[in-house]
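The structure appears right after this line, and notes come after that.
Where a number appears in this text, it was derived from the coordinates with a stated rule and is not lab data. Keep in mind that what you see is a predicted model, and the values were worked out from it rather than measured. Every residue, glycine among them, receives a Cβ derived from its backbone with ideal geometry; neighbour counts consider all protein chains shown.
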Amino acid sequence: MHKILFLCTHNSARSQMAEGLLRHLGGEKYQVFSAGTEQTFVRPQAIQVMAEVGIDISQQQSKTLERYLQDDFDEVITVCDDANEACPFFPNAKNRQHWSFPDPSKATGTEEEQLQVYRTVRDAIQEKIEAELL
């Protein structure tokens with residue numbers, strides 16, 4: 001079983017979606033976690049666009065990376081540039097990757113336009129997971 005940690009600044013959208021996607025797509029082959037350099041909340045828009053593809057992340061919670069510093073991981077993957085800069089080294093990771101995705105929480109416009117940005121980021125994360133991990 002591969003143990004994967006997705007990191008982002010607030011652990012509110014990108015890392016949460018990545019956690020849900022890999023857990024869903026990878027099944028029992030993966031033990032998946034997410035965390036942030038800061039703890040906030042899981043954004044309702046992320047929950048909504050994941051539900052649109054049949055993945056429920058509504059029970060996931062925002063966590064800080066300190067919780068996982070002593071854990072061993074096969075992969076630690078940062079999914080935002082700020083987390084990549086704030087966490088250049090993770091002590092117990094066999095491998096460290098950086099996947100840069102835009103921050104959907106910065107989307108502007110109507111509610112539907114903002115949701116479309118979340119969908120675009122969700123789909124890009126899924127493509128990267130399928131290409132790099134599965």
Spin-label point model (7 Å from Cα, Cβ direction): what's the E66 to Q39 distance in nm? 0.9 nm
Filter the chymotrypsin sites (Phe, Trp or Tyr not before Pro) in region 1-98 down to the DSSP loop ones having no more than 10 other Cβ atoms within 10 Å, then list what survives. F89
Reduced to Cα centres, the span from region 48-80 to region 1-19 in Å works out to 3 Å
Cross-link partners among aspartates and glutamates for K106, C-alpha distance below 16 Å, same-chain residues fewer than 8 apart left out? D81, D82
Can you list the aspartates and glutamates whose alpha carbon is less than 20 Å from that of K3, not counting same-chain residues fewer than 8 positions off? E19, E28, E66, D71, D72, D74, E75, E127, E130, E132
